[in-house]
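In what follows, a structure is listed as structure tokens, so that the remarks can point back to it.
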Amino acid sequence: MPIYWAFLTYMLLKPGEENQEYWFMFSGIDKVLHVSIFAMLGFSFIAAFPRIKFSYFFQIILIYAFLTEILQEEMGLGRSMESLDVVADTVGCLIGYYIYKMLIKRFF
């Protein structure tokens, strides 16, 4: 879990660089990536701390999403703050949370 948090923080804060166009890229791919990586974060977080209250889980993830966006803006490394990224991060975490809850209910 700590390794994933560290990797995610690095990826979110690393200096921006020109993105090359690939055949699989489309408008909004960054939001899809945000949802995907935060879904994994939400899933692994609730799996590591299954007894945490939902309100605490949600607050921790929301604070992390806001902090990474604020740091992207303030560090001046070619990244910018986008409010839709916070929305995508939040949606991703909620997806990860509910996938975990559904799997637990179904198989345990």
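The values are calculated or read from the model by the stated rules, or taken from the named source; none is laboratory data. All values reported here derive from a predicted model rather than from experimental measurement. Quick reminder, even Gly has a Cβ in these numbers, built from the backbone with ideal geometry, and neighbours come from all protein chains shown.
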key: Among residues of the range 18-39, those that are of a type in the set (A, V, I, L, M), buried (at least 16 other Cβ atoms within 10 Å of the Cβ) and at pLDDT below 95, counted   = 1
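Could we say that M1 is of a type in the set (A, V, I, L, M), in contact with a helix residue (DSSP H, G or I) (Cβ under 8 Å, 6 or more places away or on another chain) and at pLDDT below 85 here?
Details: of a type in the set (A, V, I, L, M): yes; in contact with a helix residue (DSSP H, G or I) (Cβ under 8 Å, 6 or more places away or on another chain): yes; at pLDDT below 85: yes.
Taking the combined requirement at face value, the residue satisfies it.
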remark   = If we keep only residues of the range 50-96 that are in a loop (DSSP other than H, G, I, E, B) and either acidic (D, E) or surrounded by 15 or more Cβ atoms within 10 Å (Cβ to Cβ) (or both), then the residue modelled with the lowest pLDDT is R79
query = Restricting the search to the range 69-108, which residues are of a type in the set (V, I, T) and under 21 Å from F54 (Cα atoms)?
reply = V86, V87, T90, V91, I95, I99, I104
task = Can you confirm whether the range 26-41 contains a residue that is without any contact (Cβ under 8 Å) to a residue 24 or more places away in the chain and basic (K, R)?
result = no
